[in-house]
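K.L.:
Take this structure, written in structure tokens, and hold onto it; I'll ask about it next.
The values are calculated or read from the model by the stated rules, or taken from the named source; none is laboratory data. These figures come from a predicted structure and were not determined experimentally. Because the Cβ atoms are built from the backbone with ideal geometry, glycine has one as well, and the counts that use them run over all protein chains shown.
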Amino acid sequence: MVSIIKGFVKIQIFVVLFISASILRADPYSLKNLSEYLTNLKLLKANFFQVNADGSESSGIILLKRPGRMRFEYDKPDKTLVLVAAGALAIFDPKGDQEPMTYPVRNNPISLLLNSEIDLINSGIVSNYMEASEEAVLIIRDPITPESGSVELLFAGAQPELKKFTVKNENGTSTSIALEDTEYPKNINDTLFSIALEINKRKDSDK
């Protein structure tokens with residue numbers, strides 16, 4: 001009888017451990033954990049490969065400093081620079097004027113990634129979510145202005161890591177950006193995101 005009880009207890013312990021392990025394996029890609037991952041993603045540096053709506057391709061280095069700042073520095077021969085800071089999205093065209101083309105970043109769905117906190121459960125920004133083994137695709141959009149576009153995020157790995165994001169604008173065009181060699185630096189200099197400093201630097205270089 002004692003041996004039977006011991007065997008039963010062992011079975012119960014095994015079942016509990018099995019269920020716990022299953023929960024732990026599934027847990028990293030819950031919306032709660034993805035919210036925590038994105039909220040804690042304060043600093044990022046990576047190489048990127050971009051595919052535009054017309055099929056053209058480009059590459060460069062992306063810097064992220066949340067909340068509110070991004071930098072896309074494109075490789076030669078493109079040499080375009082895109083800065084997001086102080087509520088503005090500025091595009092510096094090396095073939096154009098010293099002054100960038102500037103737009104309010106709130107009109108671009110990428111702004112959803114730049115908030116200080118990202119709550120995927122209570123904010124209403126999740127429009128679709130698909131999960132597979134060690135991979136998830138999440139689509140977010142502003143629930144107040146859903147017509148302004150969306151951002152599709154691809155996460156992969158044993159623990160979630162952002163691998164790709166696709167921005168779909170209000171006109172239906174999309175731009176996909178895949179990240180490679182991602183780093184998480186301890187700090188990124190604020191001057192790298194300053195639109196005013198970049199304008200002055202370009203003016204000085206033309207003197």
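K.L.:
Output yes when any residue across region 126-134 is of a type outside the set (A, V, I, L, M, F, W, C), in contact (Cβ under 8 Å) with a residue 24 or more places away in the chain, crowded, with 17+ Cβ neighbours inside 10 Å and under 23 Å from P28 (Cβ atoms), and no when none is. Full working, then the answer.
P.N.:
Here is the first cut: in region 126-134, the residues of a type outside the set (A, V, I, L, M, F, W, C) are 127-129, 131, 133-134.
Now restrict to residues that are in contact (Cβ under 8 Å) with a residue 24 or more places away in the chain: 129, 131, 134.
Next, only the ones that are crowded, with 17+ Cβ neighbours inside 10 Å stay: none.
No, region 126-134 contains no residue that is of a type outside the set (A, V, I, L, M, F, W, C), in contact (Cβ under 8 Å) with a residue 24 or more places away in the chain, crowded, with 17+ Cβ neighbours inside 10 Å and under 23 Å from P28 (Cβ atoms).
K.L.:
Next question, about the same structure. Only one residue in G157, G149 is on the phi > 0 side of the Ramachandran plot and crowded, with 16+ Cβ neighbours inside 10 Å, so which one is that?
P.N.:
Working: G157 fails: crowded, with 16+ Cβ neighbours inside 10 Å.
Checking each option against the conditions leaves just G149.
K.L.:
Going by the structure shown, is N122 assigned to a loop (DSSP other than H, G, I, E, B) and surrounded by fewer than 13 Cβ atoms within 10 Å (Cβ to Cβ)? Working first, answer last.
P.N.:
Details: assigned to a loop (DSSP other than H, G, I, E, B): yes; surrounded by fewer than 13 Cβ atoms within 10 Å (Cβ to Cβ): yes.
Yes, satisfied.
K.L.:
With the checklist (1) touching a residue at least 24 places away in the same chain (Cβ under 8 Å); (2) within 25 Å of P185 (Cβ to Cβ) in hand, flag the one item G87 doesn't pass.
P.N.:
(1)
K.L.:
Return only the number of the condition from (1) of a type outside the set (D, E, K, R); (2) more than 28 Å from S30 (Cα to Cα); (3) in contact with a Lys or Arg (Cβ under 7 Å, 6 or more places away or on another chain); (4) surrounded by 14 or more Cβ atoms within 10 Å (Cβ to Cβ) that S174 does not satisfy.
P.N.:
(2)
K.L.:
To continue, here is another question. Looking at S148, S205, can you tell me which residue is within 30 Å of Q98 (Cβ to Cβ) and either touching a strand residue (DSSP E or B) at 6+ places or on another chain (Cβ under 9 Å) or at pLDDT 95 or above (or both)? Reasoning before the result, please.
P.N.:
Working: S205 fails: either touching a strand residue (DSSP E or B) at 6+ places or on another chain (Cβ under 9 Å) or at pLDDT 95 or above (or both).
Being within 30 Å of Q98 (Cβ to Cβ) and either touching a strand residue (DSSP E or B) at 6+ places or on another chain (Cβ under 9 Å) or at pLDDT 95 or above (or both) holds for just one of S148, S205, which is S148.
K.L.:
Could I ask something else about it? Here is a list of conditions, (1) touching a residue at least 60 places away in the same chain (Cβ under 8 Å); (2) under 30 Å from D97 (Cα atoms), and N187 meets all of them except one; can you say which number that is?
P.N.:
All conditions pass for N187, except number (2).
K.L.:
Could you please find all residues in region 35-57 being modelled with pLDDT of 95 or more and closer than 24 Å to N171 by Cβ?
P.N.:
Matches in region 35-57: F48, F49, Q50, V51.
K.L.:
Under 6 Å between Cβ atoms, which residue pairs at least 6 apart in sequence (or on different chains) link something in region 45-65 that is within 14 Å of S176 (Cα to Cα) with a partner that is of a type outside the set (D, E) and part of a loop (DSSP other than H, G, I, E, B)?
P.N.:
A53/T173
K.L.:
Then there is this: Could you tell me which numbered condition F193 fails, if it satisfies all but one of (1) surrounded by 12 or more Cβ atoms within 10 Å (Cβ to Cβ); (2) without any contact (Cβ under 8 Å) to a residue 60 or more places away in the chain; (3) not small (G, A, S)?
P.N.:
(2)
K.L.:
Sticking with this structure for a sec: Contact list please: Cβ distance under 9 Å, first residue in region 152-177 and free of Cβ contacts under 8 Å to residues at least 60 places away in the same chain and among the acidic types (D, E), second residue in a strand (DSSP E or B) and exposed (fewer than 14 other Cβ atoms within 10 Å of the Cβ), pairs at least six apart or on different chains.
P.N.:
E152/N128
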